[in-house]
Amino acid sequence: MKKVSVFLADRSYAILIGKNLLAQVGSLIKPFNLGQKILIVSNRRVAGRFLPKVSKSLSHSGFDVFSHLLSHGDERDKSEKELSKVWSAMVRNGLDRSSTVLALGGGVVGDLAGFAASTYMRGISFVQAPTTLLAQVDSAVGGKTGIDLPSAKNIVGSFYQPRLVISDVETLKTLPPKMFKDSLAEVIKYGVIQDRKLFELLEKNGKWLMTAVRKKSFGQKVFEFLEEIIARSASVKAQVVEEDEREVSGKRMILNYGHTFAHALEGASGFKMAHGEAVACGMILAGELAVKMGIFSVQEQARQIRLIQQISFPAKYQFSSSKILAFMKRDKKARDGNLRFILPVRIGKVKVFEHISEGSVKNVLDHYRSER
Ligand SMILES: NC(=O)c1ccc[n+]([C@@H]2O[C@H](COP(=O)([O-])OP(=O)(O)OC[C@H]3O[C@@H](n4cnc5c(N)ncnc54)[C@H](O)[C@@H]3O)[C@@H](O)[C@H]2O)c1
Ligand SMILES: [Zn+2]
């Protein structure tokens with residue numbers, strides 16, 4: 001088992017990454033003084049696979065265990081209606097200020113359950129047990145919780161750190177390979193922004209990993225590799241969050257590497273393009289922009305492209321540069337009027353750039369557009 005610590009004064013916590021951790025949840029959280037009652041929030045698909053194991057372990061350790069399953073099993077669960085149902089389940093089961101909410105599932109479950117925990121009785125303890133690769137490397141780390149409104153994603157929420165994150169890598173066995181691949185884009189991102197060794201590990205083993213995932217052949221070596229890359233990813237995110245927990249200083253912005261382009265590509269596709277795929281393209285575009293500006297070497301950009309293609313992302317898209325630029329401008333308006341790019345200066349280091357001309361962005365977009 002690996003352990004990554006997130007140092008945030010009295011909100012510090014550990015992220016545990018290893019095999020078969022769900023069967024030990026009870027003993028893992030016991031030392032944390034998390035009260036008598038625990039509400040597990042999950043969805044049908046995840047609960048069918050893992051809820052009995054988690055409930056049994058918690059009951060064994062003496063907790064009173066309750067569960068609440070969200071209705072849809074997808075992004076629709078991050079709604080006011082589902083949030084309200086979680087609050088009602090908390091009242092119905094008599095959760096008090098000393099009780100705990102445990103999120104068992106992907107990013108959707110974690111975001112919603114975390115927000116419910118942060119608001120119930122002005123905040124009760126929260127534990128994350130992420131079961132998707134994206135949740136283990138990204139959404140379960142850093143304390144952003146929230147829901148969507150019909151008009152805007154993640155628009156209502158809070159910064160609320162969990163007391164513990166328990167990432168059982170064995171849960172990833174049942175993930176569809178496409179979800180696995182999409183989440184690897186975020187792992188590559190951590191390599192480029194702050195962990196050159198992680199990038200090199202992926203160069204060496206990324207292709208092999210995806211072959212194993214597609215064949216569903218999860219041996220000991222696959223789990224060990226997953227533990228390593230998840231711990232490294234969580235550690236990069238933890239370090240960034242430690243420096244800028246509430247997105248005030250700007251340091252947290254580097255986690256958005258590839259995302260300025262990605263959000264526009266997702267918009268241009270009518271949200272049909274998967275987030276990971278858009279991030280993969282976005283990183284290539286950011287790298288290209290950096291090469292054109294003379295701040296990133298052609299060789300390192302070639303390595304970035306090669307790695308992304310090895311994991312088998314298409315490096316091209318079919319939308320016109322004007323369409324993508326229109327979405328970028330909309331994004332800029334919606335945020336704070338600044339179009340920012342996080343650009344690599346070498347693999348393992350990125351910097352924030354503003355005031356980049358529309359012409360240079362357009363050039364890069366035109367260059368990478370597929371002619372198909
Ligand atoms: N809080 C943050 O900092 C942060 C960061 C990134 C993303 N997010 C949010 O995370 C969400 C996306 O998370 P996600 O990619 O985990 O998607 P998700 O939570 O929607 O899960 C995807 C699907 O996988 C299923 N699933 C979960 N675990 C499984 C398993 N082990 N085996 C098989 N199927 C499983 C789920 O039931 C669901 O149907 C978005 O809402 C996004 O906004 C939050
Ligand atoms: Zn992302």
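The values are calculated or read from the model by the stated rules, or taken from the named source; none is laboratory data. Everything numeric here is computed off the predicted structure, so don't read it as measured data. Note that each Cβ is placed from the backbone with ideal geometry, even for glycine, and that neighbours are counted across all protein chains shown.
With respect to the numbered conditions (1) crowded, with 21+ Cβ neighbours inside 10 Å; (2) in contact (Cβ under 8 Å) with a residue 24 or more places away in the chain, which one is the sole condition not fulfilled by ALA262?
The failed condition is (2).
Going by what's in this entry, would PHE180 be described as of a type in the set (Phe, Trp, Tyr) and more than 16 Å from ligand 2 (Cβ to nearest atom)?
Numbers: of a type in the set (Phe, Trp, Tyr): yes; more than 16 Å from ligand 2 (Cβ to nearest atom): no.
So PHE180 fails the test.
From LEU95, LEU83, grab the single residue that is in a loop (DSSP other than H, G, I, E, B) and either away from ligand 2 (no atom under 16 Å from the Cβ) or in the same structural domain as VAL240 (by TED's automatic domain parsing) (or both).
Numbers: LEU83 fails: in a loop (DSSP other than H, G, I, E, B).
Matching residue, one of LEU95, LEU83: LEU95.
Table: residues versus (1) in contact with a Phe, Trp or Tyr (Cβ under 8 Å, 6 or more places away or on another chain); (2) surrounded by 23 or more Cβ atoms within 10 Å (Cβ to Cβ).
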{"site": "PHE32", "(1), (2)": "no, no"}
{"site": "ARG44", "(1), (2)": "no, no"}
{"site": "HIS68", "(1), (2)": "no, no"}
{"site": "ARG76", "(1), (2)": "no, no"}
{"site": "LYS81", "(1), (2)": "no, no"}
{"site": "LEU112", "(1), (2)": "no, yes"}
{"site": "ALA116", "(1), (2)": "yes, yes"}
{"site": "GLN128", "(1), (2)": "no, yes"}
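Select from region 156-187 the residues that are among the hydrophobic types (A, V, I, L, M, F, W, C) and within 11 Å of ligand 1 (Cβ to nearest atom) and write down the one among them that is farthest from LYS237 (Cα to Cα). Explain how you work it out, then say what you get.
Taking region 156-187 as the starting set, the residues that turn out to be among the hydrophobic types (A, V, I, L, M, F, W, C) are 156, 159, 164-166, 169, 172, 175, 179-180, 184-185, 187.
So of that shortlist, the ones also within 11 Å of ligand 1 (Cβ to nearest atom) come out as 159, 169, 172, 175, 179-180.
Numbers: PHE159: 15, VAL169: 18, LEU172: 20, LEU175: 22, MET179: 20, PHE180: 19 Å.
Applying the filter and picking the extreme gives LEU175.
Spot the failing condition for PHE296; the list is (1) buried (at least 21 other Cβ atoms within 10 Å of the Cβ); (2) in a loop (DSSP other than H, G, I, E, B); (3) free of Cβ contacts under 8 Å to residues at least 40 places away in the same chain; (4) not polar (S, T, N, Q), and only one is missed.
All conditions are met except number (3).
In region 250-262, which residues are in a helix (DSSP H, G or I) and not charged (D, E, K, R)? So that I can check it myself, show each step before the final result.
From region 250-262, those in a helix (DSSP H, G or I) are 251-256, 259-262; that's our starting set.
Correct list: MET253, ILE254, LEU255, ASN256, HIS259, THR260, PHE261, ALA262.
If we scan region 210-217, do we find a residue that is assigned to a helix (DSSP H, G or I), crowded, with 20+ Cβ neighbours inside 10 Å, away from ligand 2 (no atom under 16 Å from the Cβ) and modelled with pLDDT of 95 or more? Steps first, please.
Taking region 210-217 and keeping what is assigned to a helix (DSSP H, G or I), we get 210-215.
Within this subset, residues satisfying the condition of being crowded, with 20+ Cβ neighbours inside 10 Å are 213.
Next cut, away from ligand 2 (no atom under 16 Å from the Cβ) only: 213.
Restricting the remaining residues to those that are modelled with pLDDT of 95 or more gives 213.
Yes, region 210-217 contains at least one residue that is assigned to a helix (DSSP H, G or I), crowded, with 20+ Cβ neighbours inside 10 Å, away from ligand 2 (no atom under 16 Å from the Cβ) and modelled with pLDDT of 95 or more.
Which of the residues belonging to region 66-92 are touching a residue at least 24 places away in the same chain (Cβ under 8 Å), away from ligand 1 (no atom under 16 Å from the Cβ), farther than 18 Å from VAL25 by Cβ and touching a strand residue (DSSP E or B) at 6+ places or on another chain (Cβ under 9 Å)?
ALA89, MET90
For every residue, the table says whether it meets (1) within 12 Å of ligand 1 (Cβ to nearest atom); (2) touching a His at 6+ places or on another chain (Cβ under 6 Å); (3) part of a helix (DSSP H, G or I).
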site: LEU226; (1), (2), (3): no, no, yes
site: VAL236; (1), (2), (3): no, no, yes
site: VAL241; (1), (2), (3): yes, no, yes
site: VAL248; (1), (2), (3): no, no, no
site: ALA264; (1), (2), (3): no, no, yes
site: GLY267; (1), (2), (3): no, no, yes
site: GLY270; (1), (2), (3): no, no, no
site: MET273; (1), (2), (3): no, no, no
site: VAL279; (1), (2), (3): yes, no, yes
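Which one of the conditions (1) surrounded by fewer than 24 Cβ atoms within 10 Å (Cβ to Cβ); (2) within 7 Å of ligand 1 (Cβ to nearest atom); (3) modelled with pLDDT of 95 or more does LYS153 fail to meet, given that it meets all the rest?
Result: LYS153 passes all but (3).
If we scan region 86-101, do we find a residue that is crowded, with 19+ Cβ neighbours inside 10 Å and within 17 Å of THR132 (Cβ to Cβ)?
no
Quick check on this structure: which one of ALA290, ALA286 is in contact with a Pro (Cβ under 6 Å, 6 or more places away or on another chain) and either part of a helix (DSSP H, G or I) or among the hydroxyl-bearing types (Ser, Thr, Tyr) (or both)?
On the way: ALA286 fails: in contact with a Pro (Cβ under 6 Å, 6 or more places away or on another chain).
Testing whether each residue is in contact with a Pro (Cβ under 6 Å, 6 or more places away or on another chain) and either part of a helix (DSSP H, G or I) or among the hydroxyl-bearing types (Ser, Thr, Tyr) (or both) leaves just ALA290.
Residue under question is ALA302, and the condition is that it be surrounded by fewer than 17 Cβ atoms within 10 Å (Cβ to Cβ) and in a helix (DSSP H, G or I); does it hold?
Values: surrounded by fewer than 17 Cβ atoms within 10 Å (Cβ to Cβ): yes; in a helix (DSSP H, G or I): yes.
When the stated conditions are applied, ALA302 passes them.
With respect to PHE159, determine if the residue is aromatic (Phe, Trp, Tyr) and crowded, with 18+ Cβ neighbours inside 10 Å. Let's see the steps before the verdict.
Details: aromatic (Phe, Trp, Tyr): yes; crowded, with 18+ Cβ neighbours inside 10 Å: no.
For PHE159, the condition - aromatic (Phe, Trp, Tyr) and crowded, with 18+ Cβ neighbours inside 10 Å - is not met.
What number of residues within region 239-259 satisfy the criterion of being crowded, with 19+ Cβ neighbours inside 10 Å and either on the phi > 0 side of the Ramachandran plot or more than 15 Å from ligand 2 (Cβ to nearest atom) (or both)?
Matching residues across region 239-259 total 2.
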